[in-house]
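The values are calculated or read from the model by the stated rules, or taken from the named source; none is laboratory data. Bear in mind the structure is a predicted one, so any value in this text is a computation, not a measurement. Positions of Cβ are generated from backbone atoms using ideal geometry, with glycine treated the same way; all protein chains shown enter the neighbour counts. Quick note on the areas: whole protein, heavy atoms, side chains included, nothing else; ligands and nucleic acids left out. Shrake-Rupley method; radii C 1.70, N 1.55, O 1.52, S 1.80 Å.
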Amino acid sequence: SFYRVDWSPDGKKLAAAGLVMGSAEFGKSHLIVWATSTWEIVFEQKSKDDMFDSIYGDIAWSPDSRSLAESISGMGVLVHDIQTGRVISRQDTLSSYGLSWSPDGSRLVATGDLASGIRRWKVSTDESVRLFDQHVGGFMQIAWSPDGKRIASGNFEGKVCFWTAATNKCDGLIYAHQNAVFNLAWSADGNQLATGGGIIRIWDSNTGKLI
């Protein structure tokens, strides 16, 4: 069963991730990539043991379409070089429901760090920093802004936090939904943020006001 799909930015590959269920609750993780010109498999990886529950995390392509990040409950975040098949980065986190690359492809952010925080790291070195604010926690979704200066996160209580990447501080907080924030999407110019939490709302990302 596949739970996540993602096109590469260059449109030449499609990735899908999920689980091959071995029992009612646990299965083997399965990540597969097809070349969209021929639909031949160009990358595939399966875990050897039934270790994972039925909720898969997330997958995200790097901006240059060379690397694919995946988050798996109990395994953290892995970054695969699709051309060589090697794992080029790894972070041990808790259950991560959201991944996002920086626009320049040098860094990743993921939900699921300790105490409901966020982890940001440099892919080439795995050096990491932790983003945390006591007023918000339990993050589900995360999205890096198009200019790379801010990161938006949504949590289980319907709150959206705007983080400044240079300081790792939550400098803006929106009570966006009564329930959880299930998805986030920046506009191309970075001036608006769309949130999904039962209904869709559009926000001015500079002022935090509802549009």
- prompt: For the range 40-46, in order, what is each residue's ³J(HN,Hα) by Karplus, 6.51 cos²θ - 1.76 cosθ + 1.60 with θ = phi - 60°, in whole Hz (x at glycine and Pro)?
  reply: 7, 6, 10, 7, 7, 9, 10
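What's the longest bit of the chain with no exposed GluC sites (Glu not before Pro), using DSSP loop states and at most 12 other Cβ atoms within 10 Å as the test?
So the longest stretch without any such site is 41-126.
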field: Proximal lysines relative to residue 149, as straight alpha-carbon distance under 16 Å, when same-chain residues fewer than 8 apart are discounted
entry: 122, 169
- prompt: So who's got an amide H within less than 5 Å of the one on residue 107, skipping anything under 5 residues away but keeping other chains? H placed 1.01 Å off N, in plane.
  reply: 102, 123
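Short version: what are the Cα gyration tensor semi-axes of the chain, square root of 5 times each eigenvalue, largest first, in whole Å?
Details: eigenvalues 156, 72, 56 Å².
Sorted largest first and rounded, they come to 28, 19, 17 Å.
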- line: Mean accessible area per residue over the chain (1.4 angstrom probe, all protein chains present, square angstrom) is 50 Å²
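Sequence gap at least 6, Cα distance under 8 Å: using those rules, report the relative contact order of the chain to the nearest whole percent. Mind showing how you got there, number by number?
Values: 567 pairs, mean separation 20.1, N = 211.
Over the chain, the number comes to 10 percent.
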- prompt: Hey, how much of the P(r) for the range 142-211 falls beyond 16 Å, as a percent of Cα pairs?
  reply: 38 percent
query: Which net charge results for the neighbourhood of residue 4, defined as the other residues with beta-carbon distances under 11 angstrom from its beta-carbon, given Lys and Arg at +1 and Asp and Glu at -1?
result: -3
Carbon/sulfur fraction of accessible area - the chain, other protein chains in place, 1.4 Å, %: 50 percent
message: Is there a quick way to get the dipole size of the chain? I mean about its Cα centre, with the Cβ of Lys and Arg at +1 and of Asp and Glu at -1; what is the value in debye to the nearest 20?
response: 260 debye
Cut-off 11 Å between beta-carbons: net charge of the residues surrounding residue 148, Lys and Arg +1, Asp and Glu -1: +1
- request: State whether the range 87-171 is rounded, prolate or oblate according to the following rule on the C-alpha gyration tensor (a ≥ b ≥ c being the square roots of its eigenvalues): a/c under 1.5 gives rounded; otherwise a/b larger than b/c gives prolate, and the remaining case gives oblate.
  value: oblate
query: In terms of the Cα gyration tensor, with a ≥ b ≥ c the square roots of its eigenvalues, is the range 161-202 rounded because a/c is under 1.5, prolate because a/b exceeds b/c, or oblate?
result: oblate
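Top to bottom by accessible area (1.4 Å), largest first, where do 170, 161 land?
170, 161
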